[in-house]
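**Q** Got a structure for you, written out below as structure tokens; questions coming shortly.
The values are calculated or read from the model by the stated rules, or taken from the named source; none is laboratory data. Keep in mind that what you see is a predicted model, and the values were worked out from it rather than measured. So basically every Cβ, Gly included, is an ideal-geometry build from the backbone, and we count neighbours across all protein chains shown. These area figures cover heavy atoms from the full protein model, side chains too; ligands, DNA and RNA do not enter into them. Shrake-Rupley method; radii C 1.70, N 1.55, O 1.52, S 1.80 Å.
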Amino acid sequence: MNELQTKSIHAGSIRPRFGGAVVTPVFQSSTYEYHGEDYHDVKYMRLSNSPNHEVLGRRIAELEGTEAALVTGSGMAAISSVLMSSLSPGDHILVQDCLYGGTTGLLDHELKRNGITYTPIDVQTPSSWNTSLQNNTRAIYVETLTNPLVQMADLEAVVAFARDHSLESVIDNTFASPVNCRPATLGFDIVVESCTKYMNGHNDVIAGCVAGTAQRVSDCRVTLNHVGGSLDAHACYLLERGIKTLVLRVNHQNSSALQIATEMARHPAVKVVHYPGLPSHAQHERAKKLLAGFGGMISFELHGGLEAAEEFLAAVKLPAVAASLGGAETLMVRPAAAVHGALSPEERERSGVTDGLIRFSVGLEGTDDLLADIRHALTTLSISEA
Ligand SMILES: *Cc1c(COP(=O)(O)O)cnc(C)c1O
């Protein structure tokens with residue numbers, strides 16, 4: 001971990017230091033002197049090749065353990081550049097059955113309209129994946145930890161299956177961040193992150209990244225150049241600043257979330273706590289093996305269901321009720337109302353996202369203060385036991 005901490009501050013920095021500045025300056029220049037380059041190499045901010053973009057690309061590659069990386073204007077820009085740069089009409093992919101909502105939207109609308117189809121697979125049963133394979137299947141796409149139930153796929157089986165069937169393996173590592181999981185070291189071909197979350201970590205920037213081989217990252221950059229998904233220079237600066245404390249932040253969130261989840265799971269008003277660090281979690285053994293830390297994301301249900309969830313969210317003082325995750329401020333949200341609101345009640349029930357489920361992104365506040373706030377909110381519930 002020490003090594004990652006040093007890399008998060010120094011890897012890929014401009015040397016010699018520009019004007020002696022200790023921190024990478026904001027290169028607030030849309031265009032640069034032309035020296036006869038081809039289109040994709042002309043220095044121009046949309047082409048993601050300013051010094052700010054290049055420092056971040058080198059730094060993130062070091063953090064993810066890949067040959068190259070690219071920052072993008074959002075997590076969705078990263079995901080769309082990966083899928084759009086490799087798939088053509090008639091192609092098919094396998095995807096984890098419970099995906100981030102924006103990714104499902106991309107598959108159901110933009111990719112479908114372009115003749116690219118997908119089949120959801122149950123990531124817990126590798127033996128079932130063969131039946132979903134088609135002769136036009138090109139890739140397999142999963143997430144390190146699922147949203148909002150923090151389930152963990154059999155990542156080693158995904159990599160082995162991809163190799164056996166010549167599929168590109170793609171993973172969205174947003175919930176883990178490279179501090180808790182470096183999927184490229186497990187053999188994944190492409191890693192994407194929504195840097196909006198843990199990578200930046202301050203609830204103040206929208207950004208994403210793609211990490212993989214130099215060739216694949218270059219292909220993604222070409223697609224990103226065409227669709228116009230580059231990250232603004234000032235956001236690059238904020239992301240670079242955020243990444244410097246990534247390891248410290250995520251380590252704090254790991255230990256805070258484990259302590260909070262453990263206490264909540266014992267509370268009589270709490271029906272269930274989903275957290276990979278708890279022995280009761282269905283993939284706890286796998287999480288212990290594949291993750292360096294269990295992360296800052298918890299989800300839970302109270303005995304009083306939806307009504308109790310609403311009372312609880314009205315009673316807590318530190319957490320803001322808001323979507324998103326991974327920042328300094330603790331956030332809570334009912335996914336059934338916000339993130340998964342587009343699904344029918346039956347689809348939500350099937351995916352385990354009940355109306356009363358609360359997703360909890362543990363921030364950087366003092367663990368004791370968060371615990372005191374939660375304990376107090378639980379005492380205010382009108383239905384507090386089964
Ligand atoms: C937020 C999120 C995204 C999308 O990222 P944006 O930066 O909002 O575009 C993708 N995947 C996961 C798992 C996320 O949590």
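**Q** Scanning region 106-116 for residues that are open to solvent by 20 Å² or more (accessible area, probe 1.4 Å) and part of a loop (DSSP other than H, G, I, E, B), which turns out nearest to Leu231 (Cα to Cα)?
**A** Checked region 106-116; the qualifying residue nearest to Leu231 (Cα to Cα) is Asn114.
**Q** Here are the criteria: (1) farther than 30 Å from Val179 by Cα; (2) modelled with pLDDT of 95 or more. Tell me which single one Gly327 does not satisfy.
**A** Failed condition: (1).
**Q** Also, quick follow-up: If Thr103 meets every condition in (1) in a loop (DSSP other than H, G, I, E, B); (2) open to solvent by less than 40 Å² (accessible area, probe 1.4 Å); (3) polar (S, T, N, Q) apart from one, which number is that one?
**A** (1)
**Q** Sticking with this structure for a sec: Which ones in region 308-327 are assigned to a loop (DSSP other than H, G, I, E, B), touching a helix residue (DSSP H, G or I) at 6+ places or on another chain (Cβ under 8 Å) and crowded, with 16+ Cβ neighbours inside 10 Å? Outline the logic, then answer.
**A** We begin by selecting, within region 308-327, every residue assigned to a loop (DSSP other than H, G, I, E, B); these are 316-319, 322-327.
Filter once more, keeping what is touching a helix residue (DSSP H, G or I) at 6+ places or on another chain (Cβ under 8 Å): 316-319, 326.
Answer for region 308-327, where residues must be assigned to a loop (DSSP other than H, G, I, E, B), touching a helix residue (DSSP H, G or I) at 6+ places or on another chain (Cβ under 8 Å) and crowded, with 16+ Cβ neighbours inside 10 Å: Val316, Leu318, Pro319, Gly326.
**Q** I've got another one for you. Select from region 81-94 the residues that are of a type in the set (Ser, Thr, Tyr) and either within 16 Å of the ligand (Cβ to nearest atom) or not in a loop (DSSP other than H, G, I, E, B) (or both) and list them in ascending order. Give the derivation first.
**A** Going through region 81-94, the residues of a type in the set (Ser, Thr, Tyr) turn out to be 81, 85-86, 88.
Those that are of a type in the set (Ser, Thr, Tyr) and either within 16 Å of the ligand (Cβ to nearest atom) or not in a loop (DSSP other than H, G, I, E, B) (or both): Ser81, Ser85, Ser86.
**Q** I've got another one for you. List the residue pairs whose Cβ atoms are under 6 Å apart, where the first residue sits in region 1-18 and is of a type in the set (S, T, N, Q), the second is surrounded by 13 or more Cβ atoms within 10 Å (Cβ to Cβ) and not in a loop (DSSP other than H, G, I, E, B), and the two are 6 or more positions apart or on different chains.
**A** Listed by first residue and then by second, the contacts come to Gln5/Val247; Ser8/Ile243; Ser8/Leu246; Ser8/Val247.
**Q** While we're looking at this one, here's another question. If you go through region 298-329 one residue at a time, how many are away from the ligand (no atom under 16 Å from the Cβ), in contact with a Ser or Thr (Cβ under 9 Å, 6 or more places away or on another chain) and of a type in the set (Asp, Glu)?
**A** Of the residues in region 298-329, 3 are away from the ligand (no atom under 16 Å from the Cβ), in contact with a Ser or Thr (Cβ under 9 Å, 6 or more places away or on another chain) and of a type in the set (Asp, Glu).
**Q** Only one of Thr66, Thr104, Thr72 is under 28 Å from Ser324 (Cα atoms), under 21 Å from the mean Cα position of the chain (by Cα) and without any contact (Cβ under 8 Å) to a residue 24 or more places away in the chain; which? Full working, then the answer.
**A** On the way: Thr66 fails: without any contact (Cβ under 8 Å) to a residue 24 or more places away in the chain; Thr72 fails: without any contact (Cβ under 8 Å) to a residue 24 or more places away in the chain.
Criteria check complete, one pass: Thr104.
**Q** Just give me the residues in region 210-231 being crowded, with 24+ Cβ neighbours inside 10 Å, closer than 13 Å to Ala184 by Cα and not hydrophobic (A, V, I, L, M, F, W, C), in sequence order.
**A** The answer is Gly212, and nothing else.
**Q** Provide a single number: the residues in region 184-205 that are within 16 Å of the ligand (Cβ to nearest atom) and either more than 12 Å from the chain's Cα centre (by Cα) or outside the structural domain of Asn135 (by TED's automatic domain parsing) (or both).
**A** Matching residues across region 184-205 total 6.
**Q** Within region 293-316, which residues are more than 10 Å from Leu381 (Cα to Cα) and within 26 Å of the chain's Cα centre (by Cα)?
**A** Gly293, Phe294, Gly295, Gly296, Met297, Ile298, Ser299, Phe300, Glu301, Leu313, Val316
**Q** Here is a further query. Among the candidates Ala61, Ala69, Ala78, single out the residue that is within 24 Å of Thr196 (Cβ to Cβ), within 12 Å of the ligand (Cβ to nearest atom) and either at pLDDT 95 or above or crowded, with 20+ Cβ neighbours inside 10 Å (or both). Full working, then the answer.
**A** Details: Ala61 fails: within 12 Å of the ligand (Cβ to nearest atom); Ala69 fails: within 12 Å of the ligand (Cβ to nearest atom).
Sole residue among the options that is within 24 Å of Thr196 (Cβ to Cβ), within 12 Å of the ligand (Cβ to nearest atom) and either at pLDDT 95 or above or crowded, with 20+ Cβ neighbours inside 10 Å (or both): Ala78.
**Q** Still on this structure, please answer the following. Answer with yes or no whether Ser351 is within 16 Å of the ligand (Cβ to nearest atom), of a type in the set (S, T, N, Q) and open to solvent by less than 20 Å² (accessible area, probe 1.4 Å). If you could, list the steps in order and put the result at the bottom.
**A** Numbers: within 16 Å of the ligand (Cβ to nearest atom): yes; of a type in the set (S, T, N, Q): yes; open to solvent by less than 20 Å² (accessible area, probe 1.4 Å): no.
For Ser351, the condition - within 16 Å of the ligand (Cβ to nearest atom), of a type in the set (S, T, N, Q) and open to solvent by less than 20 Å² (accessible area, probe 1.4 Å) - is not met.
**Q** Output the number of residues of region 117-144 satisfying the condition of being open to solvent by 10 Å² or more (accessible area, probe 1.4 Å) and part of a loop (DSSP other than H, G, I, E, B).
**A** Selection size over region 117-144: 7.
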